[in-house]
Amino acid sequence: YNNLAVISAARGDYDRARVLLETAVRANPGYTTAYENLGDVYAALAAEAFGKAYQLDLKNTGLQAKAEAARRIANIPVRAPTRPPAPPKPTTSSRLR
């Protein structure tokens, strides 16, 4: 379960990785590596949640700081927040084509 979870997490499927790791620690409560990986997955899920919240409220620098901290803990590269692309500006031309 741990190895499958690592593959899922590497693909960015943190929900599946979480389920697999929770299964791993239920099957073997002394599996330290699975617990460590589960912590990393929880941090990655937190980073996603904080990042989404920050995208909804770009003025909330506390959310930005939480997202960055969670990304560092989960060893996910910290990226600048992305805004939706601006609509294209109309071009004015005196010549019709």
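Here are some notes:
- Average accessible surface area per residue within region 1-53, 1.4 Å rolling probe, Å²: 59
- Among Lys66, Lys52, Lys59, the sequence by solvent-accessible area, most first, with a 1.4 Å probe is Lys59, Lys52, Lys66.
- Each of Tyr35 and Asn3 was given a label point 7 Å from its Cα along the Cα-to-Cβ line. The distance between the two points is 2.3 nm.
- In nm, spacing of pseudo-spin labels at Tyr42 and Asn75 (7 Å Cα→C-beta vector): 1.8
- In this simple spin-label approximation, Gln55 and Ala27 carry label points 7 Å from Cα along the Cα→Cβ vector, and these lie 3.4 nm apart.
The values are calculated or read from the model by the stated rules, or taken from the named source; none is laboratory data. This one's a predicted model, so the numbers in the text were calculated from it and none came from an experiment. Cβ sites come from the backbone with ideal geometry, for glycine too, and all protein chains shown count toward neighbours. Just so you know, the surface numbers come from the protein's heavy atoms only, side chains and all, with ligands and any DNA or RNA stripped out. Shrake-Rupley method; radii C 1.70, N 1.55, O 1.52, S 1.80 Å.
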